Amino acid sequence: MGALMALSPRIVAQTTGDGEEAAEVFRPHTYIQMGGGAQYTLGEASPGDLLSPNVQVAAGWQFRPWLGARLAVGAWQSRGGINGVMTAGGAVGRTYKYSYVAPAADLVFNLSNVICGYSPTRVASLTAFVGAGVNIAFSNDEAMDITRSGYELAYVWDGTCVRPVGRAGIGLDLRLSRAVSIGLEANANVTSDKYNSKKAGNADWYFNALAGVRVAIGRTTRKAAPASQPEPVIPVAEEPAPKPVEQELRSEPTTQPAEAKAAEPVRRDIFFRINSFAVRDSEMEKLADLAGYLKANPEAQLRVTGYADAATGTAAINERLSAKRAAEVARLLVRKFGIAAGRVVTAHEGSRVQPFADNDSNRVSICVTEE
């Protein structure tokens, strides 16, 4: 399953007219799902005798890459089974069927995006959900007939019965296009002991296995806004100091040693694509500037602090990503530009600190020189 989740890259990039690449990021959207399959209702009969058809339709809202919600309605048929029904030929087992409709509300978690980060082009996505609803059961005529024949079903019911249901399940979606995917789902549902008309002393369960299709309504991604790059801090040359007042003539002129001027600090912001810690060619010139300053000022140190934007990923993913961004900048300065490793200090803030008002600009490593 881990191999399936990693089939696609984490970001998708398209080439714009000027040759630059524009990343696509998650966009909240609605979707519908439809599926059908089989249900197994736990009971006193062989599993094959307790299988019945099942369908499910759902409408959902994906409001974060890793989290969504849906309203789902499962329906069709459940089955029950008993042993010991007396007939002219002796005691036999009997099965019976009844109909139901079960609306429920679910929270849906995209585990692939939680574990591997968001990717709009991922081929396979693993999901899990938990939810609750009601089961509206009806058409229990076959169980009523067994009762009328003389076998007592302790919890037999007639008409319509409404019971609360708790549910959970897993799913696997296979992407066919931007909007369409096919999926498999398995879910387990638990309700009261009276669901199948038998008294068992414990909760009743039914399980569904479904195959179906999911269709997104509207676009699921948007182009990432280009990172706004603030003007770098450029050292400002100091005005020349005023000439000293001429001293009285002496037999020998005195020479005043020139005071050493402290170098102005330099800052460069290295911007990254979404979910990436690779330094782009367009940012490499900034590293060359930093390396040139450090070589010209051998006493200077450099502090590199990595950040991640708060709108994508989880706190844990952003923590790791910001650390990698800072480490990659330091690695290039040492390996590519020949700066001593002891002169570069790294730190990271994850997405706890957002140095820029624009979300996308916070995919950054901020580099500041220190004396």
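The values are calculated or read from the model by the stated rules, or taken from the named source; none is laboratory data. Given the structure is predicted, the values throughout are model-derived calculations rather than measurements. Glycine also receives a Cβ, built like all others from the backbone with ideal geometry; neighbour counts cover every protein chain displayed. These area figures cover heavy atoms from the full protein model, side chains too; ligands, DNA and RNA do not enter into them. Shrake-Rupley method; radii C 1.70, N 1.55, O 1.52, S 1.80 Å.
Averaged per residue, what accessible area in Å² does the stretch 74-166 show with a 1.4 Å probe, protein chains only?
Result: 44 Å² of accessible area for each residue.
Label zone (Val215, point 7 Å along Cα-to-C-beta; backbone nitrogen cut-off 19 Å) within the stretch 47-71: 55-62, 70-71.
Can you pull the percent of Cα pairs in the stretch 32-78 with separation above 11 Å? Counting pairs separated by more than 11 Å, the tail of P(r) holds 69 percent. Taking only the C-alpha atoms of the stretch 273-314, the Rg (one decimal) and the largest Cα-Cα distance, Dmax (whole number), read 13.9, 41 Å. Near Ala347, the amide H atoms lying under 5 Å from its own belong to Val304, Thr305, Gly306; only residues 5 or more places off or on other chains count, and H is placed 1.01 Å from N.
Here the spin labels are modelled as points 7 Å beyond Cα on the Cα-Cβ line, and at Ala128 and Glu152 they lie 4.4 nm apart.
The share of C-alpha pairs in the stretch 95-199 whose separation exceeds 23 Å stands at 47 percent. Here the 3J(HN,Hα) profile of the stretch 165-180, calculated from phi with Karplus coefficients 6.51, -1.76 and 1.60 at θ = phi - 60°, is 9, x, 8, 7, x, 10, x, 9, 9, 10, 6, 9, 7, 4, 9, 10 Hz, Gly and Pro shown as x.
One way to sum up the overall shape of the stretch 275-371 is the equivalent ellipsoid from its Cα gyration tensor, whose semi-axes run 24, 12, 12 Å, largest first. Seen from every direction in turn and averaged, the convex hull around the alpha carbons of the stretch 60-144 projects onto 8.5 nm².
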